1. Somewhere in the stretch 1-21, is a residue over 21 Å from residue 86 (Cβ atoms), touching a strand residue (DSSP E or B) at 6+ places or on another chain (Cβ under 8 Å), at pLDDT below 85 and surrounded by fewer than 22 Cβ atoms within 10 Å (Cβ to Cβ)?
2. Does residue 51 satisfy being in a loop (DSSP other than H, G, I, E, B) and under 27 Å from residue 198 (Cβ atoms)?
3. Any residue that is surrounded by 14 or more Cβ atoms within 10 Å (Cβ to Cβ), touching a strand residue (DSSP E or B) at 6+ places or on another chain (Cβ under 9 Å), modelled with pLDDT under 75 and not in a helix (DSSP H, G or I) - is there at least one of those in the stretch 249-264?
4. Is there a residue being touching a residue at least 24 places away in the same chain (Cβ under 8 Å) and assigned to a strand (DSSP E or B) anywhere in the stretch 120-134?
5. Out of the residues in the stretch 57-73 meeting the condition of being surrounded by 15 or more Cβ atoms within 10 Å (Cβ to Cβ) and in a loop (DSSP other than H, G, I, E, B), tell me which one is modelled with the highest pLDDT.
6. Confirm whether residue 236 is part of a loop (DSSP other than H, G, I, E, B), at pLDDT below 75, at negative phi and surrounded by 15 or more Cβ atoms within 10 Å (Cβ to Cβ).
7. Of the numbered conditions (1) in contact with a helix residue (DSSP H, G or I) (Cβ under 9 Å, 6 or more places away or on another chain); (2) farther than 15 Å from residue 289 by Cβ; (3) at pLDDT below 90, residue 87 fails exactly one; give the number of that condition.
8. Of the numbered conditions (1) in a loop (DSSP other than H, G, I, E, B); (2) in contact with a helix residue (DSSP H, G or I) (Cβ under 6 Å, 6 or more places away or on another chain); (3) within 23 Å of residue 266 (Cβ to Cβ), residue 37 satisfies every one except a single condition; which is it?
């Protein structure tokens, strides 16, 4: 069997925390059953709450404390680090008092979870509670700053690089725009103060420098927070033929990823808009992270889907025991 990991010494950030974490559980258990070494993985996500950002949560209901404990325990058992996605762009002082968001935060701090945030205000609030906590600067920050008609400044090499270096002084990990990693970082990596703490999105299902991206994030944030919110959101890619969209989207291929790793990038992030399609997310994860040729092919491409179904059944039994102890 050839080496199962496609890339060496990389930390993966996967969009699987809460409900879809069983995808990683299935992959992890299958790899361990063959005595193979799994890659280093973080799982990010959040249940619905006031600090949620530009994503639609899988878990809408309020979670009991023992269920939250079970989620975090499960992820830790799979040698992964949970990351709470607190990427709201409009955090106020009143938001910081939200009871349920703080309830999730305090339990996450008990489990040494990390946090991905947009708001500097929220970052400072979390750091006050636990100075040693690791906080990731969301890629929504540079998107709002450098994209769209209401951008703050032009996305020149100098402007954007200076911005990331500023964020590196304030955050533990800084996620850059895919446009920057694809067109600037490879040629100007020496301008970044600490490339080992830069995180690169390897996929973004949108067009390059999409001017509607900030609006898209805001739209998703409103769907998650405002009851019965509805607006006709027009995306620039909606009228593009598939071939044109594919040519203009933001997917880093293996060659680009290898080049980024060669210049010192150690953190790769996968995102998924397929919220209700775990098999698609699983397939993307396998394709991105692992060698699937030779003897690995059967292990990863044929047995993992069955392993996910088994893992769902086991996980549901585990949660049911928590909710119905008698």
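1. yes
2. For residue 51, the condition - in a loop (DSSP other than H, G, I, E, B) and under 27 Å from residue 198 (Cβ atoms) - is met.
3. Among the residues of the stretch 249-264, at least one is surrounded by 14 or more Cβ atoms within 10 Å (Cβ to Cβ), touching a strand residue (DSSP E or B) at 6+ places or on another chain (Cβ under 9 Å), modelled with pLDDT under 75 and not in a helix (DSSP H, G or I), which makes the answer yes.
4. no
5. The selected residue is 63.
6. yes
7. (3)
8. (2)
The values are calculated or read from the model by the stated rules, or taken from the named source; none is laboratory data. Predicted model only: the values in this text are computed from it and were never measured. Here Cβ is always computed from backbone atoms with ideal geometry, including for glycine, and neighbour counts include all displayed protein chains.
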